[in-house]
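Undergrad: Take a look at this one; I'll ask things after.
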Amino acid sequence: MVRAVGQWLERVNGRYPWNHNDHFHGWILRRLPRRRRRALDVGCGLGTLVGRLRSSGVTVVGLDVDEPMVEATRTRFADDPGVTVRHGRFEDVPADGSFDVVTMVASLHHMDLEAALRHAAGVLAPGGRLLVVGLARIGAPRDLAVDLVSSFTNPVVGFVKSLRPSRAAVAEAGEEPAVPLRDVDQTYGEVRATARRVLPGARFRQRLFFRYTLEWTSPTS
């Protein structure tokens, strides 16, 4: 019975695909710090969030380790002097406190969790803000309950969005490079515990649609 329900959900969700990462861009934009002159988007991909951050009035640096992604995003913002797109690793960004915002959408699990969080603290200016939308594994009954709710509500959202073409469909058509994928190692609980230990005051929340959000503001003194 459980297996049959799972197979049915997989078929329904596959019928109405939508971009779960883009869905959380609004959460990021609502939580930008008041002082925001310079932002770093780690794992910028095709630059969707870069464009939205730029629209908020900040100078944006997009960073990605995938060369096809970097080239596509550079082309997209070639005429905007307020956007710089770099090919490289987050750990190679100088920890000189030069960014007011650091965003990571579905990219933190590609890095060593604790090291990346510690490095983010050094990259941020006093009062700067780290905003993460991430993926994690189920590790507790509550995690499973939230993901089950997500599984049933996911096709509803997908149906509402179905009039717009999905990025997956566009990528399959060959118009955009495919996004690199990596399996998730940490559970929600492990991410929460690590974030609160490394970044005192960090706000972690498991969300619907198989994501969590993490927010931390660098102390001003």
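Since every read-out is calculated from the coordinates, none of them should be taken as a lab result. Nothing here was measured: the structure is a model prediction, and the numbers come from that model. Glycine also receives a Cβ, built like all others from the backbone with ideal geometry; neighbour counts cover every protein chain displayed.
Undergrad: Please list the non-local residues whose amide H lies under 5 Å from the amide H of Val184, H modeled 1.01 Å from N, same-chain partners needing a gap of 5 or more.
TA: Hits under the 5 Å cutoff: none.
Undergrad: Modelled label-to-label distance, Arg196 and Asp112, 7 Å Cα→beta-carbon offset: nm?
TA: The two pseudo-label positions are separated by 2.4 nm.
Undergrad: Would you order Met69, Met111, Met104 from fewest to most other beta-carbon atoms within 10 Å of each residue's own beta-carbon?
TA: By the 10 Å Cβ count, ascending: Met111, Met69, Met104.
Undergrad: Can you put Ser218, Ser98, Ser55, Ser107 in order of Cβ neighbours within 10 angstrom, beginning with the fewest?
TA: Exposure proxy ranking, most exposed first: Ser55, Ser98, Ser218, Ser107.
Undergrad: Using the 10 angstrom Cβ neighbour count as an exposure proxy, how do Leu208, Leu144 rank, fewest first?
TA: Details: Leu208 15, Leu144 11.
Exposure proxy ranking, most exposed first: Leu144, Leu208.
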